[in-house]
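In what follows, a single structure is set out as structure tokens and then discussed.
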């Protein structure tokens, strides 16, 4: 899926961040592509790409206006993700970037099949940063999420996490959907081998509420994507503002 | 993530579908593993594996009861997915099975990079059925979702879809979260190259409402997982029953 693109050179600028589209482009968007008020676009200018939203000018007199829109969500989702083997963790990173993660903290869990020695952390961080950067570009986000160095679960208390904290655990009480919840949230998803009782106890003491993402057993990358997507949606992503 | 497993041989059966756990197992579950009322388990008997839920017997007098629970959701999510190249579509299948899809209809879209000739449909169906079956087992679902033969978008009207229909389209009005919506829903996710205007028009005429899954541009497999997961959650998965 990709956003429709509109070249702005032939449109009339209105202030710094809005353009009144020429009639031909307007016709194409509304009649051919069936775009509607509020739809998003990429506006193209020489050397610039803007995220824009379609507005109808009052009385339609001036025509269709595309206005630049800040694309970043207001909310912030921290993901604490049990370390997985190479490709699975790479996919987890790319997919959670697409669904709006803000900070990723890899956790070296007792049951992580993957492990990482201290001297391998710098090259691994480079690789992860590259993957996060590429996914950021591809999905059209303006700013890259932050990826932290891997930590054991025992270091979670030192992270300075937001006060709303959840841990995905199959078989727990189901997550209750709501729009417009808190502005910042942390969600933890375990490794392939799941959390140990000790790890769950540490997270519990830190105020992480156990939630289930559904009745089925999800693989870790799927659970991470679903958790981040749902919490993102519960913040600002899916409200009408 | 995996469900805790409990061997039931040493527990006392109560009727056909409940077991009162022996004190040692009870202690382990509640004190060591910190399980709570309503948590899910796999109950193991020779040659059988049951999905069970933890209950506290009235007054705790008899001890902890594990009761067999039907694991399938009451709701049903149909996924209409634009055909993708081999590995991406395989991953879409496995991940959407994990998050609870009920029927998958591959769509041969104008902008699908992948195409499929009629004689290659039978071996492809075999491959897809195997992937769906494996994912079903791994995620602990009792019944495999159904996978249909690929169809062009023009055949969507003949599918007999549920009346609540959505199409994921970047830049549309955002999906509004709600718990407990309709019992059956169809959601369509386009191929890598997105829908054409003609395809969106066919879907629009069939009553598909355009929704956005978030402000970022998601790859098709990610969009499919998020769409199915969120609609599943909005049905029965995330309500307290």
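Somewhere in the range B:156-172, is a residue touching a residue at least 40 places away in the same chain (Cβ under 8 Å), in a helix (DSSP H, G or I) and more than 24 Å from residue B:100 (Cβ to Cβ)? Spell out the reasoning first.
Going residue by residue through the range B:156-172, those that are touching a residue at least 40 places away in the same chain (Cβ under 8 Å) are B:156-157, B:159, B:161-163, B:165-172.
Cutting the leftovers down to in a helix (DSSP H, G or I) gives us B:156-157, B:159.
This time we only want the ones that are more than 24 Å from residue B:100 (Cβ to Cβ), so: B:157.
Among the residues of the range B:156-172, at least one is touching a residue at least 40 places away in the same chain (Cβ under 8 Å), in a helix (DSSP H, G or I) and more than 24 Å from residue B:100 (Cβ to Cβ), which makes the answer yes.
Being surrounded by 14 or more Cβ atoms within 10 Å (Cβ to Cβ), within 14 Å of another protein chain (Cβ to nearest Cβ), in a loop (DSSP other than H, G, I, E, B) and touching a helix residue (DSSP H, G or I) at 6+ places or on another chain (Cβ under 9 Å) is the filter here; which residues of the range B:135-154 pass it?
The answer is B:139, B:141, B:144, B:145.
Restricting to the range B:9-54, and then to whatever is surrounded by 14 or more Cβ atoms within 10 Å (Cβ to Cβ) and over 22 Å from residue A:169 (Cβ atoms), can you tell me which residue is modelled with the lowest pLDDT?
So, considering only residues that are surrounded by 14 or more Cβ atoms within 10 Å (Cβ to Cβ) and over 22 Å from residue A:169 (Cβ atoms), the one modelled with the lowest pLDDT is B:17.
Going through A:126, A:137 one at a time, which residue ends up being within 30 Å of residue A:4 (Cβ to Cβ) and free of Cβ contacts under 8 Å to residues at least 12 places away in the same chain? If you could, list the steps in order and put the result at the bottom.
Numbers: A:126 fails: within 30 Å of residue A:4 (Cβ to Cβ).
Only one candidate passes the filter, namely A:137.
Output the residue which, of all residues in the range B:157-171 that are in contact with a strand residue (DSSP E or B) (Cβ under 6 Å, 6 or more places away or on another chain) and surrounded by fewer than 20 Cβ atoms within 10 Å (Cβ to Cβ), is farthest from the other protein chains (Cβ to nearest Cβ).
If we take residues in the range B:157-171 being in contact with a strand residue (DSSP E or B) (Cβ under 6 Å, 6 or more places away or on another chain) and surrounded by fewer than 20 Cβ atoms within 10 Å (Cβ to Cβ), then B:162 is farthest from the other protein chains (Cβ to nearest Cβ).
Test each condition in (1) in contact with a strand residue (DSSP E or B) (Cβ under 6 Å, 6 or more places away or on another chain); (2) surrounded by 14 or more Cβ atoms within 10 Å (Cβ to Cβ) for residue A:114 and report the one that comes out false.
(1)
Being within 8 Å of chain B (Cβ to nearest Cβ) and either surrounded by fewer than 19 Cβ atoms within 10 Å (Cβ to Cβ) or at pLDDT below 90 (or both) is the requirement here; does residue A:212 meet it?
Numbers: within 8 Å of chain B (Cβ to nearest Cβ): yes; either surrounded by fewer than 19 Cβ atoms within 10 Å (Cβ to Cβ) or at pLDDT below 90 (or both): yes.
So residue A:212 passes the test.
Quick one: in the range B:182-202, of everything that is in a loop (DSSP other than H, G, I, E, B) and surrounded by fewer than 17 Cβ atoms within 10 Å (Cβ to Cβ), which residue is nearest to the other protein chains (Cβ to nearest Cβ)?
In this case the residue turns out to be B:193.
When only residues in the range B:19-49 that are part of a strand (DSSP E or B) and in contact (Cβ under 8 Å) with a residue 24 or more places away in the chain count, which is nearest to the other protein chains (Cβ to nearest Cβ)?
So in the range B:19-49, the residues part of a strand (DSSP E or B) come out as B:19-20, B:40-45, B:48-49.
Filter again for in contact (Cβ under 8 Å) with a residue 24 or more places away in the chain, leaving B:19-20, B:40-45.
On the way: B:19: 16, B:20: 19, B:40: 3, B:41: 7, B:42: 9, B:43: 12, B:44: 15, B:45: 19 Å.
The residue in question is B:40.
Condition test on residue B:116, is it touching a helix residue (DSSP H, G or I) at 6+ places or on another chain (Cβ under 9 Å) and either without any contact (Cβ under 8 Å) to a residue 60 or more places away in the chain or closer than 19 Å to residue B:207 by Cα (or both)?
yes
Take residue B:223 and decide whether it is facing chain A (nearest Cβ under 9 Å) and outside any loop (DSSP other than H, G, I, E, B).
Values: facing chain A (nearest Cβ under 9 Å): yes; outside any loop (DSSP other than H, G, I, E, B): yes.
It is true that residue B:223 is facing chain A (nearest Cβ under 9 Å) and outside any loop (DSSP other than H, G, I, E, B).
Given the residues B:176, B:217, B:132, which is the only one that is in a loop (DSSP other than H, G, I, E, B), without any contact (Cβ under 8 Å) to a residue 40 or more places away in the chain and closer than 30 Å to residue A:220 by Cα? Give the steps one after another, and end with the answer.
Values: B:217 fails: without any contact (Cβ under 8 Å) to a residue 40 or more places away in the chain; B:132 fails: in a loop (DSSP other than H, G, I, E, B).
Matching residue, one of B:176, B:217, B:132: B:176.
The values are calculated or read from the model by the stated rules, or taken from the named source; none is laboratory data. Everything quoted here is computed from the prediction, not taken from an experiment. Virtual Cβ from ideal backbone geometry, glycine too; neighbours counted across all protein chains shown.
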